[in-house]
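Structure first, commentary second.
The values are calculated or read from the model by the stated rules, or taken from the named source; none is laboratory data. As the structure is a prediction and not an experimental result, all values here were calculated from the model. We place every Cβ from the backbone using ideal geometry, glycine too, and count neighbours over all the protein chains shown. With ligands, DNA and RNA removed, areas are computed over all heavy atoms of the protein, side chains included. Shrake-Rupley method; radii C 1.70, N 1.55, O 1.52, S 1.80 Å.
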Amino acid sequence: MTMAAALNRALADAIAEDPAVLVFGEDVGTLGGVFRITDGLAERFGEDRCFDTPLAESGIMGTAVGMAMNGMRPVVEMQFDAFALPAFEQVVSHVAKMGNRTRGAVRMPIVIRIPFGGGIGGVEHHCDSSEAYYAHTPGLTVVAPSTPQDAYSMLRAAIASPDPVVFLEPKKLYWSKGEVDTSVTMDLGTARIAREGTDVTLLAYAAMVPVALEAAEIAASEGRSVQVVDVRSLSPFDDATVTAAVRSTGRAVVIAEAPGYASVASEIQARVFERCFEYLEAPVRRVTGFDTPFAPPKLEHWYLPDADRVLDAIDSLHWDDEPSDDEVMER
C-alpha cells in the first residue's frame, strides 16, 4: 500500500482498538485531511472520534494537552510543517515538560502528526523542515519514517507511547508504495540498515532515504559498495546502530533536506565524529538543503539534495584510487 494508506490504516486500527484514541485537526473530518490521511475515519467511527477544529493550531495543541491530562490519547494533525509553529509554545512549554514538571504523575500520550519537507512543488510555509526544533527539545520523541511499513508500525508505536511523539511525515513519500504487514511492531528510537555495504555509510531519514538508495545503486555500478542507514528516529537517536555501521566502513555521509546549519544533520555528524574518530578514513561529509528559505516550486529541484550531490560527497572521501598530487599536476 502507499504510505498515505498505511498511515490511514494505522489510525483506523488504533481508534478501533482503544476508545481513548481520537484524531482531530484542520479538515481531517469531512475532507479527510489535505493529503487524505484521515479519509473515511469520521464516517467510520463518528465525529466524536475524528473531527475538524477551528484554524487555530495553538488551540488544537492546548486542547490535546487537556485531553491527555484526563486520560485520552489525542492524535493531532498539523496541515503543514510551518503551520505547526503557532502551537510551538504549547509543545515546548507544556507537552514536552508536563511529565517532568509533575515527576511523572501526569503523562502526555499525544501524537503530533506533521507533514514536512519538500518535493511536492509547494511554496514556503508548506515545505519547511523544522525537525531540529523538536529534536532539540528534551521530553519529545521525534521520528520520521521512509517506508509504508515503518509509517504503519511507527505510528502504532507512537500512539501507544505514554509520552509525546512528534511524528514527521515526508510529504514527497505519501504516494510511495511498499509491502505492509500490520502485525509487525517496533520500538521507537531505533535505526535500520536499509542496504548493506562495505565502503561507505550513508545516513539519511525520511524522503532522503530513497535518494541515498539511488546514490548507492549508482555507486555500485561504479564499483563501490555503499551501506545505507535509515536513521528514522531523530530523538532518541540510535547511536549503537549508527556507530557500528560507520565503524564497519570507515567513511560516512549524512543526508538531509533541511538547511545544514545547526541541524539534525549537524548533530548526527558530531555524534559520528565523537564515537568513530579512530575508525574514520576521511571526514564525515554532509549533503543538505541550503541555508535559505525554501525555494519556489520551479527551483526546488536545485534546493533538494539529489543522488548527484551525494555521489560528489562520496567521491571526496579520500579513496585509495584517487590520483596523487603529481598525477593531478600532469593532468
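Calculate the radius of gyration of the Cα atoms of segment 38-154 to one decimal place, then report Dmax, the largest Cα-Cα distance, as a whole number, both in Å.
14.8, 45
Using alpha-carbon positions, what is the distance between the centroids of segment 193-265 and segment 1-60, in Å?
33
Would you compute the Debye intensity of segment 1-46 from its alpha-carbon atoms alone, equal scatterers and no solvent, and pass along log10 I(q)/I(0) at q = 0.13, 0.17, 0.24, 0.30 Å⁻¹ to two decimals?
Results for segment 1-46 at q = 0.13, 0.17, 0.24, 0.30 Å⁻¹ read -0.24, -0.42, -0.82, -1.18.
What do you get for trypsin sites (Lys or Arg not before Pro) in segment 87-138 restricted to DSSP loop and a cutoff of at most 12 other Cβ within 10 Å of the site's Cβ?
R103
Grab the Cα-Cα distance for W302 and T185, subtract it from 0.36 nm times how many residues apart they are, and report the gain in nm with one decimal.
Fully extending the segment from W302 to T185 adds 38.4 nm.
So how much slack lies between I218 and K177, counting 0.36 nm per residue of separation and subtracting their Cα-Cα distance, in nm?
Full-extension gain reported as 12.6 nm.
From the list [x] 30, 25, 18; [y] 33, 22, 20; [z] 37, 20, 18, can you say which value of semi-axes √(5λ) of the Cα gyration tensor in Å was derived from the structure given?
Read-out from the structure maps to [z].
Give me the number: length gained by fully extending H318 to E17, i.e. 0.36 nm times residue separation minus the C-alpha to C-alpha distance, one decimal in nm.
Working it through step by step, the gained length comes to 103.0 nm.
Over all distinct Cα pairs, what is the inverse of the mean 1/r for segment 198-307, reported as the Kirkwood hydrodynamic radius in Å?
Radius from the Kirkwood sum: 14.2 Å.
When only alpha-carbon atoms count, how far does segment 184-223 stretch along each of its three principal axes, as whole angstroms with the largest first?
Each principal axis gives a Cα extent; for segment 184-223 these are 36, 21, 17 Å.
Leaving ligands, DNA and RNA out of it, report the carbon-plus-sulfur percent of the accessible area of the chain at a 1.4 Å probe.
Percent of accessible area from carbon and sulfur atoms in the chain: 52.
Would you please name the chymotrypsin sites (Phe, Trp or Tyr not before Pro) within segment 140-221 that are DSSP coil residues with at most 13 other C-beta atoms within 10 Å of their C-beta?
Sites meeting the loop and neighbour criteria: W175.
Going by average Cβ density within 10 Å per residue, which order do the peptides 18-24, 140-146 take, highest to lowest?
Final packing ranking: 140-146, 18-24.
Looking only at Cα atoms, what is the convex hull volume of segment 153-233 per residue, in Å³?
105
For R309 paired with R44, estimate the spin-label separation in nm (one decimal), with each label point 7 Å from Cα along the Cα-to-Cβ line.
It works out to 3.8 nm between the two label points.
With a cut-off of 8 Å between alpha carbons and a minimum separation of six or more residues, what is the relative contact order of segment 106-214 in percent?
33
For the chain, report the accessible area per residue in Å² (1.4 Å probe, heavy atoms, rounded to an integer).
44
Let me have the relative contact order for the chain, percent, based on Cα pairs under 8 Å that are six or more residues apart.
Contact order relative to length: 15 percent.
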